Amino acid sequence: MEDCYQGFDPAAYLQTNYTPPLADLERKDSTVPWKLACLHRAFTEGDVSGELLVDIGSGPTLYQVMSGCDVFNKVLLTDFLEVNRQELRSWLQDEGGCSLDWTPYLQHVCKLEGRLLWPLMSFLTVGADCLLSCYCLESVSPDLAASTRALGHIGRLLWPRGHLLLIGTLGMSYYLGAPGVKIPTVPVNEAQVCASLKESGYTLIRL
Ligand SMILES: C[S@@+](CC[C@H](N)C(=O)[O-])C[C@H]1O[C@@H](n2cnc3c(N)ncnc32)[C@H](O)[C@@H]1O
(Lines give C-alpha, C1' and ligand atoms only; values in the text may rest on other atoms or scores of the structure.)
Protein backbone atom coordinates (compact mmCIF):
# COMPACT_ATOMS: atom_id res chain seq x y z
CA MET A 1 0.00 0.00 0.00
CA GLU A 2 2.93 2.33 0.71
CA ASP A 3 4.01 2.07 -2.94
CA CYS A 4 0.49 2.82 -4.16
CA TYR A 5 0.54 6.10 -2.25
CA GLN A 6 3.76 7.43 -3.81
CA GLY A 7 1.74 8.82 -6.76
CA PHE A 8 -0.91 10.52 -4.59
CA ASP A 9 -1.32 14.14 -5.64
CA PRO A 10 -3.15 16.36 -3.10
CA ALA A 11 -4.03 19.03 -5.66
CA ALA A 12 -5.55 16.52 -8.10
CA TYR A 13 -7.35 14.65 -5.29
CA LEU A 14 -8.91 17.91 -4.04
CA GLN A 15 -9.81 19.01 -7.54
CA THR A 16 -11.56 15.72 -8.36
CA ASN A 17 -13.28 15.03 -5.07
CA TYR A 18 -13.88 18.41 -3.45
CA THR A 19 -14.80 20.80 -6.27
CA PRO A 20 -17.70 20.70 -8.78
CA PRO A 21 -19.01 18.80 -10.62
CA LEU A 22 -18.50 15.87 -8.19
CA ALA A 23 -18.54 17.98 -5.02
CA ASP A 24 -21.00 20.81 -5.27
CA LEU A 25 -22.14 22.59 -2.12
CA GLU A 26 -25.06 24.08 -4.01
CA ARG A 27 -26.49 20.74 -5.19
CA LYS A 28 -28.60 18.63 -2.85
CA ASP A 29 -27.71 15.40 -4.70
CA SER A 30 -23.97 15.93 -4.25
CA THR A 31 -22.31 13.82 -1.53
CA VAL A 32 -20.47 16.78 0.00
CA PRO A 33 -23.45 18.62 1.55
CA TRP A 34 -24.76 15.20 2.64
CA LYS A 35 -21.47 14.35 4.38
CA LEU A 36 -21.31 17.75 6.06
CA ALA A 37 -24.88 17.31 7.29
CA CYS A 38 -24.09 13.81 8.66
CA LEU A 39 -21.04 15.12 10.50
CA HIS A 40 -23.00 18.09 11.82
CA ARG A 41 -25.68 15.73 13.18
CA ALA A 42 -23.11 13.35 14.68
CA PHE A 43 -21.37 16.16 16.53
CA THR A 44 -24.47 18.01 17.71
CA GLU A 45 -27.29 15.52 18.32
CA GLY A 46 -25.63 13.03 20.67
CA ASP A 47 -22.96 13.05 23.32
CA VAL A 48 -19.97 13.07 20.94
CA SER A 49 -17.83 15.78 22.53
CA GLY A 50 -14.81 16.17 24.82
CA GLU A 51 -11.21 17.31 24.96
CA LEU A 52 -9.56 15.71 21.95
CA LEU A 53 -10.77 14.65 18.50
CA VAL A 54 -8.28 12.67 16.37
CA ASP A 55 -8.83 12.35 12.62
CA ILE A 56 -7.11 9.33 11.07
CA GLY A 57 -5.89 9.73 7.48
CA SER A 58 -7.00 13.34 7.07
CA GLY A 59 -5.46 13.51 3.61
CA PRO A 60 -5.37 17.07 2.27
CA THR A 61 -8.94 17.73 3.51
CA LEU A 62 -10.45 19.73 6.36
CA TYR A 63 -14.22 19.46 5.79
CA GLN A 64 -14.48 16.45 8.12
CA VAL A 65 -13.45 18.26 11.32
CA MET A 66 -15.32 21.52 10.83
CA SER A 67 -18.37 20.57 12.92
CA GLY A 68 -16.20 18.77 15.49
CA CYS A 69 -14.17 21.90 16.23
CA ASP A 70 -17.07 23.31 18.13
CA VAL A 71 -17.48 20.43 20.58
CA PHE A 72 -13.82 19.45 21.11
CA ASN A 73 -11.13 21.66 22.60
CA LYS A 74 -8.40 20.16 20.46
CA VAL A 75 -8.35 18.53 17.03
CA LEU A 76 -5.47 16.39 15.79
CA LEU A 77 -5.17 15.87 12.04
CA THR A 78 -2.99 12.96 10.89
CA ASP A 79 -1.77 11.60 7.57
CA PHE A 80 0.82 9.18 6.24
CA LEU A 81 2.01 11.52 3.45
CA GLU A 82 4.07 14.67 4.06
CA VAL A 83 2.56 16.27 0.92
CA ASN A 84 -0.87 16.03 2.57
CA ARG A 85 0.35 17.34 5.92
CA GLN A 86 2.00 20.25 4.09
CA GLU A 87 -1.23 20.97 2.18
CA LEU A 88 -3.11 21.22 5.50
CA ARG A 89 -0.39 23.40 7.10
CA SER A 90 -0.50 25.75 4.10
CA TRP A 91 -4.16 26.44 4.59
CA LEU A 92 -4.28 26.46 8.39
CA GLN A 93 -1.21 28.66 8.76
CA ASP A 94 -2.14 30.83 5.80
CA GLU A 95 1.18 30.15 4.09
CA GLY A 96 -0.26 30.53 0.60
CA GLY A 97 0.09 28.03 -2.21
CA CYS A 98 -2.72 25.77 -1.01
CA SER A 99 -4.66 23.82 -3.61
CA LEU A 100 -8.16 24.45 -2.26
CA ASP A 101 -9.67 27.32 -0.28
CA TRP A 102 -11.89 25.75 2.39
CA THR A 103 -13.77 28.99 3.10
CA PRO A 104 -16.96 27.95 1.20
CA TYR A 105 -17.01 24.71 3.22
CA LEU A 106 -16.61 26.67 6.46
CA GLN A 107 -19.41 28.99 5.45
CA HIS A 108 -21.64 26.01 4.68
CA VAL A 109 -20.90 24.40 8.08
CA CYS A 110 -21.45 27.72 9.87
CA LYS A 111 -24.86 27.92 8.18
CA LEU A 112 -25.71 24.41 9.43
CA GLU A 113 -24.70 25.52 12.90
CA GLY A 114 -26.64 28.76 12.58
CA ARG A 115 -23.70 31.03 13.26
CA LEU A 116 -21.22 33.28 11.55
CA LEU A 117 -17.83 32.61 13.05
CA TRP A 118 -15.69 29.54 13.26
CA PRO A 119 -13.23 28.84 16.10
CA LEU A 120 -9.62 28.10 15.27
CA MET A 121 -8.32 24.58 15.74
CA SER A 122 -5.44 23.70 18.00
CA PHE A 123 -3.38 20.53 18.01
CA LEU A 124 -2.19 17.95 20.54
CA THR A 125 -1.48 14.24 20.96
CA VAL A 126 -3.27 11.03 22.06
CA GLY A 127 -5.94 9.98 24.57
CA ALA A 128 -8.83 10.86 22.28
CA ASP A 129 -12.48 11.30 23.24
CA CYS A 130 -13.41 10.82 19.62
CA LEU A 131 -11.76 9.35 16.54
CA LEU A 132 -12.89 10.34 13.07
CA SER A 133 -11.80 8.65 9.86
CA CYS A 134 -13.15 9.32 6.38
CA TYR A 135 -12.37 7.11 3.36
CA CYS A 136 -9.15 5.97 5.00
CA LEU A 137 -9.06 2.47 6.50
CA GLU A 138 -10.49 0.65 3.48
CA SER A 139 -8.22 2.60 1.14
CA VAL A 140 -4.97 2.02 3.00
CA SER A 141 -5.42 -1.71 3.70
CA PRO A 142 -4.66 -4.58 1.30
CA ASP A 143 -7.66 -6.67 2.43
CA LEU A 144 -10.57 -6.86 4.87
CA ALA A 145 -8.53 -8.57 7.60
CA ALA A 146 -5.94 -5.75 7.52
CA SER A 147 -8.65 -3.11 7.54
CA THR A 148 -10.24 -4.78 10.59
CA ARG A 149 -6.85 -4.88 12.33
CA ALA A 150 -6.41 -1.15 11.56
CA LEU A 151 -9.79 -0.47 13.21
CA GLY A 152 -8.53 -2.25 16.33
CA HIS A 153 -5.21 -0.35 16.29
CA ILE A 154 -6.72 3.11 16.07
CA GLY A 155 -9.16 2.20 18.87
CA ARG A 156 -6.19 2.17 21.26
CA LEU A 157 -6.01 5.95 20.89
CA LEU A 158 -9.51 6.23 22.31
CA TRP A 159 -10.47 6.69 25.96
CA PRO A 160 -12.98 4.10 27.25
CA ARG A 161 -16.50 5.11 26.21
CA GLY A 162 -15.06 7.38 23.50
CA HIS A 163 -16.66 7.55 20.07
CA LEU A 164 -15.54 6.55 16.57
CA LEU A 165 -17.10 8.23 13.53
CA LEU A 166 -16.48 6.62 10.15
CA ILE A 167 -17.34 7.65 6.61
CA GLY A 168 -16.56 5.38 3.66
CA THR A 169 -17.86 4.02 0.39
CA LEU A 170 -19.35 0.53 0.14
CA GLY A 171 -18.35 -1.80 -2.70
CA MET A 172 -15.56 0.39 -4.04
CA SER A 173 -12.49 -1.36 -5.45
CA TYR A 174 -10.25 1.65 -6.17
CA TYR A 175 -10.10 5.43 -6.23
CA LEU A 176 -7.91 7.91 -8.12
CA GLY A 177 -5.10 9.43 -6.04
CA ALA A 178 -4.12 11.45 -9.13
CA PRO A 179 -5.07 11.17 -12.83
CA GLY A 180 -4.28 7.57 -13.81
CA VAL A 181 -3.12 6.62 -10.28
CA LYS A 182 -5.53 3.90 -9.16
CA ILE A 183 -5.28 3.18 -5.44
CA PRO A 184 -6.89 -0.16 -4.54
CA THR A 185 -9.65 -0.16 -1.94
CA VAL A 186 -11.18 -3.05 0.01
CA PRO A 187 -14.73 -3.37 -1.43
CA VAL A 188 -16.62 -3.83 1.86
CA ASN A 189 -20.35 -4.36 2.26
CA GLU A 190 -22.53 -3.20 5.16
CA ALA A 191 -22.44 -6.56 6.97
CA GLN A 192 -18.64 -6.66 6.77
CA VAL A 193 -18.33 -3.16 8.22
CA CYS A 194 -20.59 -4.15 11.13
CA ALA A 195 -18.67 -7.39 11.71
CA SER A 196 -15.29 -5.59 11.64
CA LEU A 197 -16.49 -3.06 14.18
CA LYS A 198 -17.78 -5.80 16.46
CA GLU A 199 -14.58 -7.85 16.12
CA SER A 200 -12.52 -4.79 17.01
CA GLY A 201 -14.48 -4.21 20.21
CA TYR A 202 -16.72 -1.31 19.17
CA THR A 203 -20.44 -1.06 19.92
CA LEU A 204 -22.41 0.20 16.94
CA ILE A 205 -24.66 3.12 17.90
CA ARG A 206 -25.78 4.36 14.51
CA LEU A 207 -25.18 3.23 10.92
C1 LIG B 1 -8.89 8.30 0.43
S2 LIG B 1 -7.79 9.38 1.29
C3 LIG B 1 -8.93 10.09 2.46
C4 LIG B 1 -8.62 11.56 2.73
C5 LIG B 1 -9.68 12.33 3.54
N6 LIG B 1 -9.90 11.71 4.85
C7 LIG B 1 -11.01 12.46 2.82
O8 LIG B 1 -12.05 12.33 3.48
O9 LIG B 1 -11.04 12.79 1.62
C10 LIG B 1 -6.88 8.22 2.32
C11 LIG B 1 -5.75 8.91 3.07
O12 LIG B 1 -5.13 7.96 3.95
C13 LIG B 1 -3.75 8.28 4.03
N14 LIG B 1 -3.02 7.11 4.52
C15 LIG B 1 -2.42 6.13 3.82
N16 LIG B 1 -1.88 5.21 4.64
C17 LIG B 1 -2.14 5.63 5.89
C18 LIG B 1 -1.83 5.13 7.17
N19 LIG B 1 -1.14 3.99 7.32
N20 LIG B 1 -2.25 5.81 8.24
C21 LIG B 1 -2.95 6.97 8.09
N22 LIG B 1 -3.28 7.49 6.90
C23 LIG B 1 -2.87 6.84 5.83
C24 LIG B 1 -3.38 8.69 2.62
O25 LIG B 1 -2.20 9.45 2.57
C26 LIG B 1 -4.62 9.47 2.21
O27 LIG B 1 -4.46 10.84 2.49
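The values are calculated or read from the model by the stated rules, or taken from the named source; none is laboratory data. Keep in mind that what you see is a predicted model, and the values were worked out from it rather than measured. Positions of Cβ are generated from backbone atoms using ideal geometry, with glycine treated the same way; all protein chains shown enter the neighbour counts. Protein only, heavy atoms only, side chains kept; ligands, DNA and RNA dropped before computing areas. Shrake-Rupley method; radii C 1.70, N 1.55, O 1.52, S 1.80 Å.
Here the range 1-54 is described by how far its Cα atoms reach on the three principal axes: 39, 31, 15 Å, from widest to narrowest.
So what is log10(I(q)/I(0)) for the range 4-199 at q = 0.08, 0.14, 0.18 1/Å, when the Debye sum runs over its Cα atoms only? Results for the range 4-199 at q = 0.08, 0.14, 0.18 Å⁻¹ read -0.25, -0.83, -1.48. Just flag the trypsin sites (Lys or Arg not before Pro) in the range 172-207 sitting in loop per DSSP whose Cβ has no more than 16 other Cβ atoms within 10 Å. Those satisfying the criteria are R206. How far is it, in nm, from the label point at L207 to the one at L170 when both lie 7 Å from their Cα along the line to the Cβ? The modelled label-to-label distance comes out at 0.7 nm.
Taking 26 Å as the limit for the C-alpha separation, the pairs K74/K111; K35/K74; K74/K198; K28/K198; K28/K74 exceed it in the case of K74/K198; K28/K198; K28/K74.
Given a 1.4 Å probe and the protein chains as shown, E51 ends up with an accessible area of around 80 Å². In this view, the solvent-accessible surface of E113, computed with a 1.4 Å probe and all protein chains in place, comes to about 40 Å².
Across the accessible surface of the range 4-199, with the other protein chains kept in place and a 1.4 Å probe, carbon and sulfur atoms take up 57 percent.
Of the residues D3, D129, D101, D47, the one with the largest accessible area comes first in the ranking D3, D47, D101, D129, computed with a 1.4 Å probe on protein heavy atoms. With the simple model of a label 7 Å out from the Cα in the direction of the Cβ, Q93 to H153 spans 2.7 nm. Could you tell me the calculated FRET efficiency between Q107 and D143, based on Cβ-Cβ distance and R0 = 25 angstrom, to the nearest 0.05? Here the calculated transfer efficiency is 0.05.
The distance between label points at N73 and T44 comes to 2.4 nm (points 7 Å beyond Cα on the Cα→Cβ vector). Under a Gaussian network description of the chain, with springs only between Cα atoms under 10 Å, the residue in T103, T44, T16 that fluctuates furthest is T103.
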